[in-house]
1. Looking only at region 578-597, how many residues end up being crowded, with 18+ Cβ neighbours inside 10 Å and without any contact (Cβ under 8 Å) to a residue 60 or more places away in the chain?
2. Say whether the condition of being touching a strand residue (DSSP E or B) at 6+ places or on another chain (Cβ under 6 Å) and in contact (Cβ under 8 Å) with a residue 40 or more places away in the chain is met by at least one residue in region 295-318.
3. What about residue 304, is it in contact with a helix residue (DSSP H, G or I) (Cβ under 9 Å, 6 or more places away or on another chain) and either surrounded by fewer than 21 Cβ atoms within 10 Å (Cβ to Cβ) or within 27 Å of residue 422 (Cα to Cα) (or both)?
4. Among residues belonging to region 101-116 that are within 23 Å of residue 187 (Cβ to Cβ) and surrounded by fewer than 16 Cβ atoms within 10 Å (Cβ to Cβ), point out the one that is farthest from the chain's Cα centre (by Cα).
5. I'm trying to understand the selection: among the residues of region 255-279, which are closer than 18 Å to residue 382 by Cα and either free of Cβ contacts under 8 Å to residues at least 24 places away in the same chain or not in a helix (DSSP H, G or I) (or both)?
6. Would you mind finding the one in 471, 459, 467 that is surrounded by fewer than 15 Cβ atoms within 10 Å (Cβ to Cβ) and either within 23 Å of residue 409 (Cα to Cα) or without any contact (Cβ under 8 Å) to a residue 60 or more places away in the chain (or both)?
7. Please find, within region 63-93, the residue that is nearest to the chain's Cα centre (by Cα) out of those that are in a helix (DSSP H, G or I) and more than 22 Å from residue 260 (Cα to Cα).
8. Answer with yes or no whether residue 389 is surrounded by 15 or more Cβ atoms within 10 Å (Cβ to Cβ), touching a residue at least 12 places away in the same chain (Cβ under 8 Å), more than 24 Å from residue 260 (Cα to Cα) and within 19 Å of the chain's Cα centre (by Cα).
């Protein structure tokens, strides 16, 4: 049994760690007050640490400076070091032209510069028992929502996206709330967006994690219950303040600003240790935020908290390098390069106020494997709901998922994705081209006999291609289920034992889990917990996918319906029609996409819309059953 002093010491250490973590989280919240910042018992110098990245409020300690690499380069992380994409055009014409049509370019745009694709020609839609009208008023794009006694009118100030959907940011011009309400004076994401390929207006999704329809945000409701005050948190499902909750990755800020604005995100995959002096950076890069005539040691905790809050609330239109994602989001500040004073821009941020340490004698700031990947990982990172094996259930955190697998110790994002060319409407590589990327490292599987021995499938069959087994379609993209970026084994026990999709049954949709378990045991010697499987998958003899459809996990049901429609499993039509009545709006949308693709039909012909309320979709679904299942109910 541990001694009492040891228990006390462990308890004290735990309390300190909890206090430090709580403070770091609290300070970064948008509603964090600037009072009672640091507990007096926490030792100075003041700092915030996130793994390999530390933000020092005061001067960086001499021992940290002494351990840092000696980097004799000018800064590339301050706003003044950035020149904007137009400076790249003359020498990098091809890359500039590719970027000009890239989805990154149009990720966020002022309305006056935007390619507005939504139909604002007095288009209307019915939604949640109300009527929505999209129109223009003297060149201004507007959105009006009317239900019963409630009328809201929004004016649009910015667009988000242009590839599959276009969402809109704006302010309320008329509504039931008091005129001092943030809806009237703060840009926020509006509740309806435009589905480009289908030429229709639809509810926005994934501004936060999706919820069942009875819990989703209702934009017609009066929001006078929102908290007020200078530091109030106004986030409310689809009504986020764009400047402080969304614009971090939709726009290009300087790397230094981002290291302060969104510390956890940039720290998550930083390849080596970085220590940044907040006081030195602010005085050099953002002097307007520094209390004039004050030394760092003269600033209180509240003073520093106020500075951090200023960064957090930057409006991109005033403080970003560009709206949208442009060249220097990846290449960092290129002023010297554009002026011809430097051969190549560096891929890692550096400045006199940033201190870099690495395990090697001299950290390479250039186009290394780690630095190139971190260029993607600075935005395509974060937390999403996860499936049992740890991969995210929906998009935008691809690099975090990639790092959960083993291959990215060698693989780079640019091996598969050309950052200067847009993906277009879908993945253009053939399965054989995808296999070649995997085989560039896994040479042992290049011979046909080795490949068939490994996959147990004939060459060039679906089961022979690497991604179908190791990167199956598990991630909910914008309008289809796309491949997870977590490269993992199809024998993964967490997925199989928890009644979640496995690669075998994603293709063999008519087979039972018992069938799959037999093959995995015979081929790879794998065995699983029978008690866990019996608990999670009650219908052992039925197709495994029917157990997925019955899952309480919204994402598992969505993936199951997608697998069935891709396989054109007509035998599962009763279950697929049931999926059109799922309590999650997104599941209904994806089931609609899949069924229409599978059957070559248009569900609007039976007056079905995935965003309808339960009573509204009841009659269309009855009509659809009579049309597609004429024999149902005749026994």
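1. As a first pass, look at region 578-597 and keep what is crowded, with 18+ Cβ neighbours inside 10 Å: 579-580, 582, 584-595.
Among the residues that remain, those that are also without any contact (Cβ under 8 Å) to a residue 60 or more places away in the chain are: 579-580, 582, 587-588, 591-592, 594-595.
Number of matching residues: 9.
2. yes
3. Values: in contact with a helix residue (DSSP H, G or I) (Cβ under 9 Å, 6 or more places away or on another chain): yes; either surrounded by fewer than 21 Cβ atoms within 10 Å (Cβ to Cβ) or within 27 Å of residue 422 (Cα to Cα) (or both): no.
Judged against the criteria, residue 304 is not a match.
4. 112
5. 262, 269, 270, 271, listed by residue number.
6. Just one listed residue meets the conditions, 459.
7. Filtering region 63-93 down to residues in a helix (DSSP H, G or I) leaves 63-67, 79-81, 85-88, 93.
Then drop every residue that is not more than 22 Å from residue 260 (Cα to Cα), which leaves 63, 66-67, 85-88, 93.
Values: 63: 37, 66: 38, 67: 35, 85: 24, 86: 28, 87: 29, 88: 28, 93: 30 Å.
The residue in question is 85.
8. yes
The values are calculated or read from the model by the stated rules, or taken from the named source; none is laboratory data. These figures come from a predicted structure and were not determined experimentally. Every residue, glycine among them, receives a Cβ derived from its backbone with ideal geometry; neighbour counts consider all protein chains shown.
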